[in-house]
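Since the structure comes first, as structure tokens, the remarks are kept for the end.
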Amino acid sequence: MEHGANPIRKIIHIDMDAFYASVEQRDFPEYRGKAIVVGGPPESRGVVTTASYEARKFGVKSAMPCAQAAKLCPHALFVPPRFEAYKKVSQEIRAIFRRYTDLIEPLSLDEAYLDVTSDKMNIGSAIDVARHIKDAIKNELSLTASAGVSVNKFLAKIASDLQKPDGLTFIGPSRVAAFMEKLPVEKFFGVGKVTAAKMKAMGLHTGADLLKLTEAELRFRFGKTGSFYFQVVRGIDNRPVQPDRETKSVAAEDTFNEDTSDLVQLKAVLKRLAEIVAGRVARNGLKGKTLTLKIKFADFRQITRSRTQEQVFTLAGPITETAAELLEKAVDGQEKIRLLGISLSNFQAAPGLPGAQLSLFEGLL
């Protein structure tokens, strides 16, 4: 089947359901059916790595401070993460993927894109391939995954989130245009709370609203990302599935509801971002030598400050301290700031680890 000059691709996005929490519930029967939070104890000031669906019903989310999670769900059990166990299970999941395709692009331990335009089993139907993979994960590993199937990565990623947990959603070529028109802007992959609020303030609530704007208008309002919105709202995403892409950076950033110059408040944000970055590098077995601080001021002027050292960054404490030092040297305490971000890069080689996406990024707002 042709789409222009190119054959229509068959892309699957597999996303494990509450992965770390589900592994804990599988391995420890006493956790089954219980609200569990994978992360440090509430008094540790750590953040939630993953919450079981029983805890999510109370509003507990990843990257939320554990103290807040304890308030939302007082009966939750807080379980320390076992990253080595999760890596082992991730490798077992990857082995299942390889039965069907070698075109696998891992995004993290618990999700990946698969290109099954030509699958190794000659099944032909991408929906059937996704169903086979989900069944294998459930029968062999006693875990559930959600799958999105479509013609490109953007649509497959959105589809996998529509019927969680244990879902399978197909967005076929004939459905793309209608689907994108109805899609709320906050459901667009990469659109966080702040951008969604900005869009709605402009009267942009759905894909249909975005379709009314030219690419130039979208670029004017949203920068380079405007071109991406222009393409994907039309169902166009030509990014290939790239097997075993080397991770170049791990980052987290936070856009504030109100601009501030309060160093105490800014350092508290850095501590929270450092916790998230430390958790992400630990989950992916990475050790970075370069830390970069990103600062965006109230007037949208943006600067970065970096420090490279021989001793690798892995723990939240040193990440926080270094970021705070860079912040103090970069600002005068008077200018108001609207965004802070921390990233780690220049990773040491970690033989035997599965690949990851080019940039593991998490924005809080």
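The values are calculated or read from the model by the stated rules, or taken from the named source; none is laboratory data. Quick caveat, the model's predicted, so the values are computed rather than measured. Here Cβ is always computed from backbone atoms with ideal geometry, including for glycine, and neighbour counts include all displayed protein chains. Surface accessibility is based on the protein's heavy atoms, side chains included, excluding ligands, DNA and RNA. Shrake-Rupley method; radii C 1.70, N 1.55, O 1.52, S 1.80 Å.
Beta carbons within 10 angstrom, averaged per residue: use that to sort the peptides 48-55, 320-327, 166-173, highest first.
Descending packing order for the listed peptides: 48-55, 320-327, 166-173.
Normalised by the residues of the stretch 84-195, what does the relative contact order come to in percent, with Cα pairs under 8 Å and at least six apart?
So the answer I get is 15 percent.
Which of the aspartates and glutamates could a cross-linker bridge to Lys200, judged by Cα under 16 Å and excluding same-chain residues fewer than eight apart?
Glu181, Glu186, Asp209, Glu217
For the chain, what is the relative contact order in percent, using Cα pairs closer than 8 Å and at least 6 residues apart in sequence?
Here the relative contact order equals 16 percent.
If you wrap a convex hull around the C-alpha atoms of the stretch 158-209 and split its volume per residue, what is the figure in Å³?
Per residue, the Cα convex hull of the stretch 158-209 comes to 70 Å³.
Considering all alpha-carbon pairs of the chain, what whole percent are spaced by more than 39 angstrom?
Tail of the P(r) past 39 Å holds 16 percent of the pairs.
How big, in percent, is the set of alpha carbon pairs in the stretch 127-261 lying more than 18 Å apart?
Percent of Cα pairs beyond 18 Å in the stretch 127-261: 63.
Please list, or write none, the lysines whose alpha carbon is within less than 22 Å of the alpha carbon of Lys198, excluding same-chain residues fewer than 8 places away.
Straight-line reach from Lys198, under 22 Å: Lys182, Lys187, Lys212, Lys224, Lys294, Lys296, Lys336.
So, by mean Cβ neighbours within 10 angstrom, what's the order for 71-82, 296-307 with the highest one leading?
71-82, 296-307
Order Asp332, Asp17, Asp128, most accessible first, counting only protein heavy atoms with a 1.4 angstrom probe.
Solvent-accessible surface, decreasing: Asp332, Asp128, Asp17.
So, by mean Cβ neighbours within 10 angstrom, what's the order for 281-289, 136-144 with the highest one leading?
281-289, 136-144
Helix-derived [θ] at 222 nm for the chain: sum -39500 (n - 2.57) over DSSP H runs of at least 4, divide by residue count, nearest 500?
After summing the helix terms and dividing by the residues of the chain, the value is -11000 deg cm²/dmol.
Calculate the spin-label point distance for Asp332 paired with Lys57, positioning each point 7 Å from the Cα along the beta-carbon direction, and give it in nanometres.
Between Lys57 and Asp332, the label points sit 5.5 nm apart.
Greater than 22 Å separation of Cα atoms is the criterion. Which listed pairs, Lys57/Lys87; Lys61/Lys289; Lys34/Lys71, meet it?
Pairs exceeding 22 Å: Lys57/Lys87; Lys61/Lys289.
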